[in-house]
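Beneath this line is the structure, given in structure tokens, with notes to follow.
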Amino acid sequence: MKSYLALALGLFLVCLLAAAWAAPFAFEFSANQGAVLGSPEDALAFEPAEQIAESGQNPTSTPQHTHTPALPDTNTPLPPHTNTPQPTQTHTPPPTHTTTPTPIPTYEILRGKVLPERANCRYGPGWMYLYKYGLVGSSNLEVIGRTDRGYWVLIQAIGGNNPCWVKADLMELTGDVMSLPPVEVGVVQAWSPYYAPLTNVSARRDGDIVTVSFAPLMRRAGDETIPILYVVEAWVCQDGEFGFVPYGSNFTYIEVLDEPGCEQDSYGQALAAEKHGYTWPVEFIWP
């Protein structure tokens, strides 16, 4: 029992000694706390260095609260979004086909001399056309045109204005007949004001022969006093050449030679004559 009392007494004394040792430190802390004004953050931020030295504390052992200023925003702004134009598809047109223009031939007016003592000059380029006037041998004339193949030429007096057709081999020309300008066969034709065109004009083929037929033209008395009553003007192929060939007859049909071997399509027209001139030509279907 005595031993327990001795042990309890010893523990009591130890507690007293511990309490006595801790008392100064508690007082110092209270005094320091009472000397600081303002908020705890101010006390930490503005505590004098002398007070820290007097307290005996290590300055580096107490964390100091410092206000770190906010860093400026260093984010580089992104450039504004711009729409980059996309390359547009361009349509390149195909190369155009260019044709080389055909050179325009240069024609000229010639002079010519009548070779025979007498020559007939006509309204059309052929012996079957009506007579217009006569030419005197050795006369010098102006040659102003030709048919497509140059078999007949269009002449007039030098400086004149009354042309007619004469066969080319009856003239001595000062140049090439093909250098003359080609002209229409009816350019000086005399047209009848009294009769209508032919009727019932048709054509049929038998090999190389095309027969053109038509109804007769009823003429008044005296108007039929001409050598050739009917004419067919044909553009046909003969001997491998395509060109104008006229035919004349006093019957109501005319046979025309049309051979193969030309690229062009043949065609023709029929007309009737009376002493004042010709009826208007009638084209027909070529067989």
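The values are calculated or read from the model by the stated rules, or taken from the named source; none is laboratory data. Note that the coordinates shown come from a computational prediction; the quantities given were computed from them, not determined experimentally. Positions of Cβ are generated from backbone atoms using ideal geometry, with glycine treated the same way; all protein chains shown enter the neighbour counts. Note: areas computed on protein heavy atoms with side chains; ligands, DNA, RNA excluded. Shrake-Rupley method; radii C 1.70, N 1.55, O 1.52, S 1.80 Å.
Any residue at all in segment 195-210 that's in contact with a Leu (Cβ under 9 Å, 6 or more places away or on another chain) and in a strand (DSSP E or B)?
For segment 195-210, residues in contact with a Leu (Cβ under 9 Å, 6 or more places away or on another chain) and in a strand (DSSP E or B): present.
For residues in segment 77-129 being open to solvent by 100 Å² or more (accessible area, probe 1.4 Å) and at pLDDT 95 or above, which is farthest from LEU173 (Cα to Cα)?
Filtering first and then ranking leaves TRP127.
Report, by residue number, each residue of segment 236-258 that is closer than 14 Å to THR211 by Cα and either touching a strand residue (DSSP E or B) at 6+ places or on another chain (Cβ under 7 Å) or open to solvent by less than 50 Å² (accessible area, probe 1.4 Å) (or both).
Those that are closer than 14 Å to THR211 by Cα and either touching a strand residue (DSSP E or B) at 6+ places or on another chain (Cβ under 7 Å) or open to solvent by less than 50 Å² (accessible area, probe 1.4 Å) (or both): VAL236, PRO246, TYR247, GLY248, SER249, THR252, TYR253, ILE254, GLU255, VAL256, LEU257, ASP258.
If you scan segment 173-196, which residues turn out to be crowded, with 18+ Cβ neighbours inside 10 Å and more than 30 Å from PRO116 (Cα to Cα)?
SER192, TYR195, listed by residue number.
Scan the strands (runs of 3 or more DSSP E) fully inside segment 133-191 and keep the ones with 2 or more residues being of a type in the set (Val, Ile, Thr) and at pLDDT 95 or above.
By residue number, 140-146, 152-156.
Please verify whether VAL232 is without any contact (Cβ under 8 Å) to a residue 60 or more places away in the chain, over 18 Å from GLU274 (Cα atoms), surrounded by 19 or more Cβ atoms within 10 Å (Cβ to Cβ) and not acidic (Asp, Glu), treating the condition exactly as stated.
It is false that VAL232 is without any contact (Cβ under 8 Å) to a residue 60 or more places away in the chain, over 18 Å from GLU274 (Cα atoms), surrounded by 19 or more Cβ atoms within 10 Å (Cβ to Cβ) and not acidic (Asp, Glu).
If we scan segment 219-227, do we find a residue that is in contact (Cβ under 8 Å) with a residue 24 or more places away in the chain, more than 15 Å from GLU283 (Cα to Cα) and in contact with a Cys (Cβ under 7 Å, 6 or more places away or on another chain)?
The answer is no; no qualifying residue exists.
Filter segment 259-287 for residues that are among the hydroxyl-bearing types (Ser, Thr, Tyr) and open to solvent by 80 Å² or more (accessible area, probe 1.4 Å) and give the result.
TYR267 - this is the single residue of segment 259-287 that is among the hydroxyl-bearing types (Ser, Thr, Tyr) and open to solvent by 80 Å² or more (accessible area, probe 1.4 Å).
Residue check: is TRP165 surrounded by 13 or more Cβ atoms within 10 Å (Cβ to Cβ) and touching a Lys or Arg at 6+ places or on another chain (Cβ under 6 Å)?
Against the criterion (surrounded by 13 or more Cβ atoms within 10 Å (Cβ to Cβ) and touching a Lys or Arg at 6+ places or on another chain (Cβ under 6 Å)), TRP165 qualifies.
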